[in-house]
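Everything on this sheet refers to the single structure shown next.
The values are calculated or read from the model by the stated rules, or taken from the named source; none is laboratory data. Values in this document were obtained by computation on a predicted structure and should not be read as measured data. Counting neighbours? That spans all protein chains shown, and the Cβs are built from the backbone with ideal geometry, glycine included. The protein model used for the area step is the full one, side chains on, heavy atoms only, and it has no ligands, DNA or RNA in it. Shrake-Rupley method; radii C 1.70, N 1.55, O 1.52, S 1.80 Å.
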Amino acid sequence: MNADLIVIGGGPGGYVAAIRGAQLGLKVIIVEKNEFGGTCLNTGCIPTKTLFKDAQVLNYFNYAEEYGIKVDEYKLDLEKVQKRKKHIVKTLTSGVKGLLKANKVTVEKGEAKLISKDSVEIKLEGGSKKIIKGKNILIASGSKSSKPPIKGIDLEGVITSKEALEITKLPQKLVIIGGGVIGIEFAGILNEFGSDVTIVEFLNNIIPMVDNEVSSRLTKLLNKRGIKILLSSKVEEISKSDKELVVDINQNGEKTKIACNNVLVSTGRELDVDGLNLDNLGIKYDKKGIKVDENYCTSVPGIYAIGDVIGGIMLAHVASEEGKVVVERIVGEKTSVDYDLVPNSIFTFPEVSTVGLSEEEAKNKNLDYVVGKFQFSGNGKALTMNDSDGMVKVIASKDKTTIYGVHIIGPNASDLIHEAVIAMKAMLTVEEVASTMHGHPTLSEAFAEATMGIVGKAIHVPPARR
Ligand code: FAD
């Protein structure tokens, strides 16, 4: 079978590339060894956000009296939670299969192995093999959890995000190794479900890619909810005693032990190129990912790679954008991914979302900048929601013509951030955002007020004392 494009991997990078290729008139074959939708739909974005919603609902019940509602009895039913999650995942993965079919993309279920620069061997589900040929091949095989070399890391009860998503019995005590996005999201969910959660983070702040002020604020708010966060701390060993796991921690030279039921390892992800035969083809890669040029072409002409497997920013929407751009470039269009405008969200309590430069990055780049902030405690909608912890922070050029970055910690931050993304994409000045009428009462008013502060027109902030 001959194709213009063979896509290996049906995650948000691969399936989007396949559909875009078909839209552009290419004959496309996509090969997937597991379920379509990849990590994102099956073991990443969607299942975590389903559990996050369950945690939010539980949170409403936990704080129902603050809304004036007395709830006598309620409890978490993890089996039903899992059933709901599976149903959503199935709906979405079936949707992807339907879209591929509707776009006349040929689907092959099996494991792909590159055997030359234009041919791929597929080990089909029954065990038989077949070879397909394509003018172009795109590797979108994604990533897998990586485990650090800690003694005891393979003990029973030490899990990754994949197993954490499948839990049907809540760990009474949980230690999470790693205070990055995945660790923080699980901490928020499982703490809300009722687990006693401790996060052990090697660095001196959690979610280090986020503006320092926002990550410190989140640390305090998570602490307030009962999540313990040990910073500048290293897990030295995990051992088993009776029915529990014991985690040996070294915090700045001070050693402690924590007993727990589960340890969740969320120290990062690494490229998944198992069985792809990259070495024999001479495709260059290292621990961070497959090496590609500006066209996403690997060291072998005609073979391309995108998404988590090339490292960079490991997010579903980045993989999808790269998926669109790689095929557009294959057909000769000169589109590109704007890596300066990647929205990044952390679904926790409260949500955190950022785009563009943090204050530290602006400082390190020696930019002349100004900062505008607005606290959700002064926003009517946030108060009606009983969800007024947090702020919007805007970093802009001193002449106020350019917005460098926007950082939101607070309710619905993951949706609100797109107002900032669009403003930055359209290169609106601070004044243009500040003078755009925002509906009342809405959370968006907090973004408008943060920009109004920069141009000296904030209404709902008392003037600075002289
Ligand atoms: P993947 O989604 O990993 O897809 C790769 C596909 O290739 C897989 O289906 C795999 O089975 C297949 N494959 C691999 N090798 C072969 C082979 N040899 N033959 C055939 N098929 C093969 N990102 C966000 O943007 N938002 C979030 O909220 C978010 N939450 C996350 C939560 C968790 C717990 C995790 C783990 C990740 C999360 N991510 C999130 C990251 C996101 O899931 C990834 O960035 C995204 O899935 C990468 O897409 P991809 O297409 O590059 O790879």
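Quick rundown of the values:
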read-out	value
Hits in region 24-71 - residues which are part of a loop (DSSP other than H, G, I, E, B) and either within 11 Å of the ligand (Cβ to nearest atom) or crowded, with 23+ Cβ neighbours inside 10 Å (or both)	K33, N34, E35, F36, G37, G44
Residue ID - modelled with the highest pLDDT, chosen from residues in region 1-23 that are open to solvent by 30 Å² or more (accessible area, probe 1.4 Å) and more than 19 Å from G332 (Cβ to Cβ)	Y15
Residue in region 342-360 that is surrounded by fewer than 16 Cβ atoms within 10 Å (Cβ to Cβ), in contact (Cβ under 8 Å) with a residue 24 or more places away in the chain and within 23 Å of the chain's Cα centre (by Cα) present	yes
K97 surrounded by fewer than 21 Cβ atoms within 10 Å (Cβ to Cβ) and in contact with a Ser or Thr (Cβ under 9 Å, 6 or more places away or on another chain)	no
Region 320-341, residues that are in a helix (DSSP H, G or I), crowded, with 18+ Cβ neighbours inside 10 Å and within 16 Å of the ligand (Cβ to nearest atom)	S320, E321, E322, G323, K324, V325, V326, V327
Test: residue in region 135-147 that is within 26 Å of the chain's Cα centre (by Cα), aliphatic (A, V, I, L, M) and more than 13 Å from the ligand (Cβ to nearest atom)	no
Residue identified as within 22 Å of T348 (Cβ to Cβ), surrounded by 15 or more Cβ atoms within 10 Å (Cβ to Cβ) and within 16 Å of the ligand (Cβ to nearest atom) among S215, S266	S266
Among (1) closer than 25 Å to I409 by Cβ; (2) open to solvent by less than 50 Å² (accessible area, probe 1.4 Å); (3) charged (D, E, K, R), the one test that D308 misses	(1)
Test for F202: is it surrounded by fewer than 22 Cβ atoms within 10 Å (Cβ to Cβ), of a type in the set (F, W, Y) and touching a residue at least 24 places away in the same chain (Cβ under 8 Å)	yes
K109 vs. criteria basic (K, R) and open to solvent by less than 90 Å² (accessible area, probe 1.4 Å)	yes
